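Asker: I am attaching a structure below and will ask some questions about it afterwards.
The values are calculated or read from the model by the stated rules, or taken from the named source; none is laboratory data. Just so it is clear, the structure is predicted and the values come from calculations on it, not from any experiment. Cβ sites come from the backbone with ideal geometry, for glycine too, and all protein chains shown count toward neighbours.
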Amino acid sequence: MVRALHDAGIEVILDVVFNHTPEGGAKGPTLSLRGIDNASYYRLRRSDPTQYTDYTGTGHTLDTAHPRVRQLVIDSLRYWAQEMHVDGFRFDLAPVLARDHGELDPFDPFFEIVRQDPVLSGVKLVAEPWDLGPEGYRLGGFPLGWSEWNDRYRDTARRFWRGDGGLRGELASRIAGSSDLFPGDRGPVASVNYVCSHDGFTLRDLVSYSHKHNEANGEGGRDGPPEEGQGWGAEGPSRNRRVRRMRDRTRRNLAATLALSCGVPMWLGGDEIGRTQQGNNNAYCQDNEVSWLDWDLDGDDKAFLDFVRHCFAVRRRNAVYRRRHHLDGARTLHASWIRADGSPMRPSDWNDPKGRCLGLLLDAGSAEPRDADGRRQDARTALLLLNGESRTRSFNVPAPEHEHEWLELINTACPHDPRRVTGDHLKLAPHSLTLLELEVQS
């Protein structure tokens, strides 16, 4: 399977869970390593060794500080990379791996072993940067060479497009690659940007439900992460045209924002075809229509699939969205955040609680001329405009240079084929995003 995916140009990142095994807490059945050496493989409470330390929410935690347990993890990773040829790993609850004596240690031997290993030092390493232990939220705390799920990107994008104010500064940081979280040499590639994942709402449910609906899981609705969606005036399926229109537009807003943000975009499989779990945000236990993928697409699903494909095709064609380094030094001169009137954003604008509009002008010079493999990259000047308000806003458009024209590539209010823009201003519909790029006339 890995070979077939590689032949299709697809890398394989394996999701690994080295933080717990099938056993539950102290009263659970013996199903795995507990039957071999309980005291070596698991973290036991110092005050009562009959009980487990739980940093995972499963009742017990694997003790990766033990040399033999750490060897088990490293050997497993080496096998998958060397023998099965996977391209990298995503580590579930990754801080658990670096807790020698309960406290998370960014200089833990595990990180050093991976860094020096001749096999593992060359693969992609992605952390879910939190667990349930003390100080377990460690976003931005992993070493050079690691990427991390960026839930601050997720939360900011969701809140902005549901209409929350006072987020322009936060959103700008997330779109630009989160240099506040991943400074210096780590760069934007350390930020795995996402809107939805396997934990939580699907994209369709995020815009269709205000609250989770997990009753079918049999836990009284207590399970699943706490999160708030935006149903746009209804809870669940609706025939109201206004509600459906706003839901579809919000999905397009989130997809386009993700595709055009600096960093590594992560897309939840099925979101591109309108997958729903009927409001269930913890459907791992539902082996039925709730969790299955329905490949029988209707017209709306096909239209959204085409839109998502288009957004990521735009990303691939233009290097201004795919930087490996943060905008600093000379590159900063080629990028500017602007107000709706075309002037630069002022310090007071960033924290304005009513501010829901902004634009980003990225000159072609802001791009890196070559990619990580040394191949030359194409770049065009781009203008990204976002209107998070509930009213139409007019944006002043910078005059294009000689022999150039602005081409509107994305408009989430009314998707269409690329078209030329005339005039010095552009009207953005409520809750919408527009992307322009300069087209060179031959």
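Asker: Do you know which residues across segment 141-158 are under 24 Å from Phe201 (Cα atoms) and of a type in the set (Gly, Ala, Ser)?
Answerer: Within segment 141-158, Ser147, Ala157 meet the criteria.
Asker: Which of the following residues is at negative phi and surrounded by fewer than 21 Cβ atoms within 10 Å (Cβ to Cβ): Glu135, Glu228?
Answerer: Glu228
Asker: All but one of (1) closer than 24 Å to Pro418 by Cα; (2) within 18 Å of the chain's Cα centre (by Cα) hold for Val264, so report the exception by its number.
Answerer: (1)
Asker: Determine which member of the set Ala303, Ala335, Ala340, Ala364 is assigned by TED's automatic domain parsing to the domain that holds Gly200, under 30 Å from Pro430 (Cα atoms), among the aliphatic types (A, V, I, L, M) and surrounded by fewer than 20 Cβ atoms within 10 Å (Cβ to Cβ).
Answerer: Result of the check over Ala303, Ala335, Ala340, Ala364: Ala303.
Asker: Let me ask you something else. Inside segment 193-224, can you point out the residues that are surrounded by 23 or more Cβ atoms within 10 Å (Cβ to Cβ) and among the acidic types (Asp, Glu)?
Answerer: Asp205
Asker: Let me ask something additional. Return the pairs, sorted by first residue and then second, in which the second residue is surrounded by fewer than 19 Cβ atoms within 10 Å (Cβ to Cβ), the first residue lies in segment 265-284 and is in a helix (DSSP H, G or I), the beta carbons are less than 6 Å apart, and the residues are 6+ apart or on different chains.
Answerer: Glu272/Leu305; Ile273/Leu297; Ile273/Asp301; Ile273/Leu305; Ala283/Val290; Ala283/Ser291
This table checks each residue for (1) at pLDDT below 95; (2) in contact with a Leu (Cβ under 8 Å, 6 or more places away or on another chain); (3) among the polar types (S, T, N, Q); (4) assigned by TED's automatic domain parsing to the domain that holds Arg138.
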residue: Glu23; (1), (2), (3), (4): yes, yes, no, yes
residue: Tyr41; (1), (2), (3), (4): no, yes, no, yes
residue: Arg46; (1), (2), (3), (4): yes, no, no, yes
residue: Thr53; (1), (2), (3), (4): yes, yes, yes, yes
residue: Gly59; (1), (2), (3), (4): yes, no, no, yes
residue: Pro67; (1), (2), (3), (4): yes, no, no, yes
residue: Val73; (1), (2), (3), (4): no, yes, no, yes
residue: Ser76; (1), (2), (3), (4): no, no, yes, yes
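Asker: Still on this structure: Between a residue in segment 401-421 that is not assigned by TED's automatic domain parsing to the domain that holds Arg252 and of a type in the set (Asp, Glu) and any residue that is at pLDDT 95 or above and not in a loop (DSSP other than H, G, I, E, B), which pairs come within a Cβ distance under 6 Å, given they are 6 or more apart or on different chains?
Answerer: Glu408/Leu436
Asker: Would you mind finding the one in Gly169, Gly163 that is in a helix (DSSP H, G or I) and over 17 Å from the mean Cα position of the chain (by Cα)?
Answerer: Going through Gly169, Gly163 in turn, just one is in a helix (DSSP H, G or I) and over 17 Å from the mean Cα position of the chain (by Cα): Gly169.
Asker: Which of the residues that make up segment 384-406 are closer than 28 Å to Arg244 by Cα and in a strand (DSSP E or B)?
Answerer: Those that are closer than 28 Å to Arg244 by Cα and in a strand (DSSP E or B): Leu384, Leu385, Leu386, Asn387, Arg393, Ser394, Phe395.
Asker: State all residues of segment 141-155 that are part of a helix (DSSP H, G or I) and more than 11 Å from the chain's Cα centre (by Cα); if no residue qualifies, say none.
Answerer: none
Asker: For the condition part of a loop (DSSP other than H, G, I, E, B), of a type in the set (A, V, I, L, M) and either over 24 Å from the mean Cα position of the chain (by Cα) or surrounded by fewer than 17 Cβ atoms within 10 Å (Cβ to Cβ) (or both), what is the one hit in Ala372, Ala413, Ala379?
Answerer: After applying the criteria, what remains is Ala372.
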